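Where a number appears in this text, it was derived from the coordinates with a stated rule and is not lab data. This one's a predicted model, so the numbers in the text were calculated from it and none came from an experiment. Cβ coordinates were reconstructed from backbone atoms using ideal geometry, including for glycine residues, and neighbour counts include every protein chain displayed.
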Amino acid sequence: MTKATTKRMIIMLIIAAVLIGGLVWFQHFKNTMIAKAIKGMSNPPQTVSTQVAKESSWQPTVEALGNLRASQQASLSPQVAGIVTAIHFRSGEKVRAGQALAQLSDAPQRAQLAQLQAQVGQLQAQLDLAQTTLKRDEAQLKVQAISQAAVDTDQANVTSVQAQLKALAEQINAQKAVLAQATITAPFTGVLGIRQINLGQYLAPGTAAVTLQALDPMEIDFTVPQNQIDLVHVGMKAQVTTNAVAGKTFEAKVIAVEPQVSTTTRNLTVRASIPNPKGELLPGVFATVRLTDGEPHDYITLPNAAVAYNPYGATVFLVKDDGKDANGKPKYVAEQRFVTTGLTRGDQVAIVSGLKAGETVVTAGQLKLRNGTPLLINNSVQPADSANPQVPNS
């Protein structure tokens, strides 16, 4: 190999080494920059609102929605068919129990009753005669002026007429019951609805003539979730409010609790009674029921918006100190934590476990967070956090 050839080979090897070295360096540089870029993009700082968890006193309260109903209600209708011959009420009128409201035609039944009562007079005359004959014959028997057989016959006549009178009395009572079915009466004291019948109208059995509602007291049925069953019991007091009577609270009392939980909704049905002497409440009105019982308890309280509810559990994000940055300012990062929630009131939720008073919790912006995300705190806007929020008037 000549000297010139060796020199060319050395130059080629140097050039190849430079090219390979440059390629390796470029690849390393590219990977480093990509890693830095990915790292910078993976956890960019996020702006959030925060709040310090604190304890507050909670009164055990159950709040539910329900519908008002009359304590007694009925759709009044005749038991027999007939023509309406008289109407003794006006729509919306207050009536008492037993008051006659409407009359159906009953002339044939009254005629039959009169015939039966006439038969009573005839039988009574026969009974008087039979008893007189019996007394006379008993006196004659004492002086041996008549036989015992005659007296026995007289006694049999008296007994026979008495039996006929008794059977006739039963027929009369049955006929009076038939006549009573032609009269529509109020089964209880209450307020009538709108009249549905007119004079001369033919009514079939079961056809509604008018509705009757007992409005004092009223009742309200509502449901509570199964995790609040222990807070509800018969006899406890309740407060009822409705926008149908704005600005007024009605006192109520729980009178019944369904002895089973619905397998569909997992709720328990409760009924409360509400005095309504002025008739301010009406059936069908939508109302809110609030029940309070027991001693107050202290719970760590957060805005409900601060808690993320997932199938695997409820979580919150805490604000953790991560030292200081290059400018000496404090750095903060997010830390996810599982918590156990309890009762709710208004916009607030009680935290039973997983959180301590004094820890700082993210209340807004947590949807874009994960463990270790740098945080920028801006508390100019906070979520609703009222124990008793009010709906603004429109």
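List every residue whose amide H lies under 5 Å from the amide H of LEU215, counting only residues 5 or more places away in sequence or on a different chain, with H placed 1.01 Å from N in the peptide plane.
Those qualifying (amide H under 5 Å, at least 5 residues apart or on another chain) are VAL191.
Using alpha-carbon pairs under 8 Å, 6+ residues apart, how would you state the relative contact order of the range 178-239 in percent?
31
With only alpha-carbon pairs counted, each pair once and no self-pairs, how large is the Kirkwood hydrodynamic radius of the range 282-394 in angstroms?
16.6
Determine the alpha carbon to alpha carbon distance for each of LYS30/LYS368; LYS94/LYS248; LYS320/LYS356; LYS331/LYS356 and list only those over 18 Å.
As for pairs spanning more than 18 Å Cα to Cα, those are LYS30/LYS368; LYS94/LYS248; LYS331/LYS356.
Below 13 angstrom from the Cβ of ARG195, what's the summed charge of the other residues (Lys, Arg +1; Asp, Glu -1)?
Value of the local net charge: 0.
If you average 1/r over all unlike Cα pairs in the range 106-181 and invert the result, what Kirkwood radius do you get in angstrom?
Evaluated over the range 106-181, this radius sits at 14.1 Å.
Could you go through the range 246-259 in sequence order and give the Karplus-derived ³J(HN,Hα) for each residue, using 6.51 cos²θ - 1.76 cosθ + 1.60 with θ = phi - 60°, rounded to whole Hz, and x for Gly and Pro?
5, x, 10, 10, 9, 7, 9, 9, 5, 10, 7, 10, 4, x
Residue by residue through the range 281-293, what is 3J(HN,Hα) from phi via Karplus (6.51 cos²θ - 1.76 cosθ + 1.60, θ = phi - 60°)? Round to whole Hz and write x for glycine and proline.
8, 10, x, x, 5, 7, 9, 10, 10, 10, 10, 10, 7
Using Cα-Cα distances under 8 Å and only pairs 6 or more residues apart, what relative contact order does the chain have, in percent?
Across the chain, relative contact order equals 25 percent.
Whole percent per 10 Å bin, from 0 to the bin with the longest distance: what is P(r) over all C-alpha pairs of the range 96-232?
P(r) over the range 96-232, rounded to whole percents: 9, 21, 17, 15, 13, 11, 8, 4, 2, 0.
Test of understanding: in a Gaussian network model of the chain with alpha carbons linked when under 10 Å, which of ASN227, ASN267, ASN173 would top the mean-square fluctuation ranking?
ASN173
Could I have the simple spin-label model distance between HIS28 and LEU129, label points 7 Å from Cα toward Cβ, reported in nm to one decimal?
Result for the modelled spin labels: 14.5 nm.
Taking θ as phi - 60°, what are the ³J(HN,Hα) couplings along the range 63-70 by the Karplus curve (6.51, -1.76, 1.60), each to the nearest whole Hz, with x for Gly and Pro?
After applying 6.51 cos²θ - 1.76 cosθ + 1.60, I find 10, 9, 10, x, 10, 6, 9, 5 Hz.
Taking the mean number of other Cβ atoms within 10 Å as a proxy for protection, how do you rank 200-207, 24-31 from highest to lowest?
Ranking the peptides 200-207, 24-31 by packing returns 200-207, 24-31.
So what is the calculated 222 nm ellipticity per residue for the chain, using -39500 (n - 2.57) for each DSSP H run with n of 4 or more, over all residues, to the nearest 500 deg cm²/dmol?
About -10500 deg cm²/dmol.
Can you compute the charge dipole magnitude of the chain about its Cα centre, using +1 on each Lys and Arg Cβ and -1 on each Asp and Glu Cβ, nothing else charged? Give it in debye, rounded to the nearest 20.
Charge dipole of the chain: 2680 debye, to the nearest 20.
Sum up the charges of everything whose Cβ sits under 9 Å from the Cβ of LEU318, counting Lys and Arg as +1 and Asp and Glu as -1, but leave LEU318 out.
That works out to 0.
Would you pull out the residues with amide H under 5 Å of GLN99's amide H, same chain only if 5 or more places away, H placed 1.01 Å from N?
ALA186
Rg and Dmax of the range 1-151, using alpha carbons, in Å: what are they?
Calculated on Cα positions, Rg and Dmax stand at 60.4, 188 Å.
Any chance you could tell me what percent of the C-alpha pair distances in the chain go past 37 Å?
62
Over the range 1-138, what is the mean sequence separation of C-alpha contacts under 8 Å (at least six apart), divided by residue count, expressed as relative contact order in percent?
The normalised contact order for the range 1-138 reaches 13 percent.
For an R0 of 56 angstrom, estimate the FRET efficiency from the Cβ-Cβ distance between ALA139 and SER273 and round to the nearest 0.05.
E(calc), rounded to 0.05, equals 0.20.
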